[in-house]
Amino acid sequence: LLRNELFKDIPLKSPVIEVNRKEGTLNFDGVRLGMSEEFLAYARAHPEKNFEELMLNNTAFGENGYWVTELETRLLSQLARALRYGNRVVQIEGPSGEGKTELGRVFAKLISLKLTERTYNQWSDLSRARGRLVPTADGGYELVEPQSLDDVSTGGNLFLDNEINTNEEGAMYYWRMA
């Protein structure tokens, strides 16, 4: 039952990410997205390699490349599905150091999205996310919206919000429900 809830939109067969060098696209288990020019050039230079081999040997994804297991393939496919069809908000939870942030970085680089990383905890200035009121000369206030709103309107961005911590006392209190 839990598996069905967690993976309801992901096919239960083993997922596959295919590289279409001619079209310059990646097929994330049925969802086709354009790939970055950098990854396309690398893929065309190595026509004998499949997606996993291209990732493992590509230093653009770190000194030793990026190891893609079935779990990463499923998550990359889910991110592609959310980008193409969903509400475009994906929440990935887990213990520190398990690769959640790196997965977002890899996805952004694969399909050429501008990456903006932000960390939120009880010490964060929340005006970065929600804007702030600034006094005006006439005694009123003006809302200064965060830069991220402009970035959202232009498109082509991936916002990676790390360490969102609502468990600490006083952290992001405005999210709490009474």
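Here are the numbers:
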read-out: Flag if residue 81 is of a type outside the set (Ser, Thr, Tyr), at pLDDT 80 or above, touching a strand residue (DSSP E or B) at 6+ places or on another chain (Cβ under 7 Å) and within 28 Å of residue 29 (Cα to Cα); value: yes
read-out: Meets criteria (part of a helix (DSSP H, G or I), aromatic (Phe, Trp, Tyr), within 13 Å of the chain's Cα centre (by Cα) and under 25 Å from residue 21 (Cβ atoms)) for residue 107; value: yes
read-out: Every pair of residues 6+ apart whose Cβ atoms lie under 6 Å, when the first sits in segment 105-129 and is small (Gly, Ala, Ser) while the second is open to solvent by 20 Å² or more (accessible area, probe 1.4 Å); value: 108/115; 108/158
read-out: Cross-chain or 6+ apart pairs with Cβ under 7 Å, segment 73-99 first and touching a residue at least 40 places away in the same chain (Cβ under 8 Å), then acidic (Asp, Glu) and surrounded by fewer than 14 Cβ atoms within 10 Å (Cβ to Cβ); value: 78/9; 81/9
read-out: Of residues in segment 81-104 being under 10 Å from the mean Cα position of the chain (by Cα) and open to solvent by 40 Å² or more (accessible area, probe 1.4 Å), the one nearest to residue 60 (Cα to Cα); value: 102
read-out: Residues of segment 27-62 that turn out to be more than 16 Å from residue 103 (Cα to Cα), assigned to a strand (DSSP E or B) and open to solvent by less than 20 Å² (accessible area, probe 1.4 Å), as a count; value: 2
read-out: Where residue 133 falls short, out of the listed (1) over 30 Å from residue 65 (Cα atoms); (2) in contact (Cβ under 8 Å) with a residue 24 or more places away in the chain; value: (2)
read-out: Of all residues in segment 63-76 being assigned to a helix (DSSP H, G or I) and open to solvent by 80 Å² or more (accessible area, probe 1.4 Å), the one that is nearest to residue 88 (Cα to Cα); value: 71
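Table: residues versus (1) open to solvent by 80 Å² or more (accessible area, probe 1.4 Å); (2) at pLDDT below 80; (3) of a type in the set (Ser, Thr, Tyr).
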residue: 111; (1), (2), (3): no, no, no
residue: 118; (1), (2), (3): no, no, no
residue: 124; (1), (2), (3): no, yes, yes
residue: 128; (1), (2), (3): yes, yes, no
residue: 134; (1), (2), (3): no, no, no
residue: 147; (1), (2), (3): yes, yes, no
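The values are calculated or read from the model by the stated rules, or taken from the named source; none is laboratory data. All values reported here derive from a predicted model rather than from experimental measurement. Note that we place each Cβ from the backbone using ideal geometry, even for glycine, and neighbour counts take in every protein chain shown. Protein only, heavy atoms only, side chains kept; ligands, DNA and RNA dropped before computing areas. Shrake-Rupley method; radii C 1.70, N 1.55, O 1.52, S 1.80 Å.
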